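Here is the structure we will look at, set down as structure tokens.
The values are calculated or read from the model by the stated rules, or taken from the named source; none is laboratory data. Every value quoted in this text rests on a predicted model; they were computed, and no experiment measured them. Counting neighbours? That spans all protein chains shown, and the Cβs are built from the backbone with ideal geometry, glycine included.
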Amino acid sequence: MATQRLGIIMHGVTGRMGMNQHLIRSICAIRAQGGVTLSNGDMVMPDPILVGRNAEKMEALAKKHGIARWGTDLDAALANPDDTIFFDAGTTQMRPTLLAKAIRTGKHVYCEKPIATNLNEAVEIARLAESSGLKHGAVQDKLFLPGLRKLDMLRRAGFFGRMLSVRLEFGYWVFEGDLQPIQRPSWNYRKEDGGGMILDMMCHWRYVLDNLFGEVKSVSCIGATHIPKRWDEAGKPYEATADDAAYATCELTGHNGEPVIAQINMSWVTRVRRDDLVTFHVDGTDGSAVAGLSSCRAQSRVATPRPIWNPDEKQTMNFFDQWQEIPDSQVYDNGFKIQWEHFIRHVVENEPYKWTLPEGAKGVQLVEAALESWKDRRWVDVPALKV
């Protein structure tokens, strides 16, 4: 068994998502397990270099996690032929420019989403990547959540019969910053800095809907800035210019060609009283299921109870107890790490890989359609995207 080195330029990993999910729980975890196993039994060991503007932060982060290489000169890193992958988890506004620069220097590219703040830039970078002959990918981590993997197993087994609808509930309360410290960066609530619920999350829901429930055909959406004043990391007040919640309905064409309706509530100003921070409730003719991040519960047609509507008496049924838990039939690894392993095998041995930049562009397409729907107060069609 042989082990080969794979040089990876990691940009933007001082932020919460880049550091926790991509550096620590993916690349560091892969290194700790001895690398990524190829189909012939050989191993690939990632050798990352951390690149960012702040030398002190880069050095401290690298030292803490046993990374030998770090730097502040991105051009120099891209010029190194020994590093073949460029990964970006920095700001969305800069992402298309950075990806284009990396592609033009011959690097395979992998990035967080959204891949751009607007559809024109998303399509442009996707086309550049497609024409380059290089490997490219966009993070679609939610497909690898244990709860959604269990939900997908039910779908593939035909458990739902004809799928009717999906109800997606996402979010929690993000503190304003005056009484309690904020738990999300302040830029998330400034439109001019690339913030906003619709831009942040509709790109996620696009790949989840397309892959698990049906291809998105149209959307009706309204956004809101419910909390217009927040406090930043320094405790200074600022005007929140981005949407902190959005409410959408999507028409889907299900995998069997039948229509499916998806309702999406997403909010940073909601207090949680449900199974998880995100839940996906699927109803079908033969059964229903509710999935969270890790768990999934199902209720079949023959096990569906008969509740009685009587507003004059207290409800005696415990509806939560009437669902069957879908067991953990395997060990579920971190979703970001799983997709990193897929992408590494895609680069090294050309393993089939479908989570490409054109798929990322579809997410930006739904973002723009939702924003257009909000602006014009109407349904907006989502045509097939040609890249």
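In the stretch 232-247, the residues that are under 10 Å from Gly177 (Cβ atoms) reach residues that are aromatic (Phe, Trp, Tyr) with C-beta atoms within less than 6 angstrom, at least six apart or across chains, in these pairs: Asp232/Tyr238; Pro237/Trp231.
Report, by residue number, each residue of the stretch 122-150 that is without any contact (Cβ under 8 Å) to a residue 60 or more places away in the chain and either closer than 17 Å to Val364 by Cα or touching a Gly at 6+ places or on another chain (Cβ under 9 Å) (or both).
Result: Glu124, Leu128, Ser132, Leu134.
Working carefully through the options Gly257, Gly284, find the one that is more than 24 Å from Trp374 (Cβ to Cβ) and either among the aromatic types (Phe, Trp, Tyr) or crowded, with 18+ Cβ neighbours inside 10 Å (or both). Talk me through it step by step, then tell me what you get.
Numbers: Gly257 fails: either among the aromatic types (Phe, Trp, Tyr) or crowded, with 18+ Cβ neighbours inside 10 Å (or both).
Going through Gly257, Gly284 in turn, the sole match is Gly284.
Has the stretch 41-57 got any residue that is small (Gly, Ala, Ser), under 22 Å from Arg345 (Cβ atoms) and in the same structural domain as Asp88 (by TED's automatic domain parsing)? Yes, because at least one residue in the stretch 41-57 is small (Gly, Ala, Ser), under 22 Å from Arg345 (Cβ atoms) and in the same structural domain as Asp88 (by TED's automatic domain parsing). Of the residues making up the stretch 1-46, those that are crowded, with 21+ Cβ neighbours inside 10 Å, at pLDDT below 95 and of a type in the set (Gly, Ala, Ser) number 2. Restricting the stretch 214-260 to residues that are among the hydroxyl-bearing types (Ser, Thr, Tyr) and assigned to a loop (DSSP other than H, G, I, E, B), the residue that is nearest to Phe159 (Cα to Cα) is Thr225.
Residue count for the stretch 307-328 satisfying the condition of being closer than 14 Å to Ser288 by Cβ and among the aliphatic types (A, V, I, L, M): 1.
Restricting attention to the stretch 159-192 and to residues that are without any contact (Cβ under 8 Å) to a residue 60 or more places away in the chain and of a type in the set (Asp, Glu), the residue that is surrounded by the most Cβ atoms within 10 Å (Cβ to Cβ) turns out to be Glu176.
Only one of Gly133, Gly171 is on the phi > 0 side of the Ramachandran plot and more than 16 Å from the chain's Cα centre (by Cα); which?
One residue alone meets the criteria, Gly133.
Ser373 meets each of the listed conditions (1) within 24 Å of the chain's Cα centre (by Cα); (2) under 27 Å from Leu151 (Cα atoms) apart from (2). Pairs are defined by a Cβ separation below 8 Å, a sequence spacing of at least 6 or placement on different chains, a first member in the stretch 281-298 that is closer than 10 Å to Gly147 by Cα, and a second member that is among the aromatic types (Phe, Trp, Tyr) and surrounded by fewer than 20 Cβ atoms within 10 Å (Cβ to Cβ); the pairs so defined are Val290/Trp323; Ser294/Tyr332; Arg297/Trp323.
Mind telling me which of the residues Ile326, Ile308 ends up being crowded, with 18+ Cβ neighbours inside 10 Å and over 24 Å from Arg95 (Cβ atoms)?
None of the other options fit; the residue is Ile326.
Here Leu154 fits the description: under 30 Å from Val260 (Cβ atoms), modelled with pLDDT of 95 or more, assigned by TED's automatic domain parsing to the domain that holds Gln299 and part of a helix (DSSP H, G or I). For the stretch 261-274, the candidate set comprises residues that are part of a loop (DSSP other than H, G, I, E, B) and not aromatic (Phe, Trp, Tyr); within that set, the residue that is nearest to Gly292 (Cα to Cα) is Arg274. Restricting the stretch 232-254 to residues that are of a type in the set (A, V, I, L, M, F, W, C) and crowded, with 18+ Cβ neighbours inside 10 Å, which is farthest from Gly292 (Cα to Cα)? My answer is Ala240. Going by the structure shown, is Ser220 buried (at least 16 other Cβ atoms within 10 Å of the Cβ), of a type in the set (S, T, N, Q) and under 21 Å from Arg16 (Cβ atoms)? No; evaluated as a whole, the condition is false for this residue.
When the residues of the stretch 47-59 are filtered to those that are at pLDDT 95 or above and out of contact with any His (no Cβ under 7 Å at 6 or more places or on another chain), the one that is surrounded by the most Cβ atoms within 10 Å (Cβ to Cβ) is Leu50.
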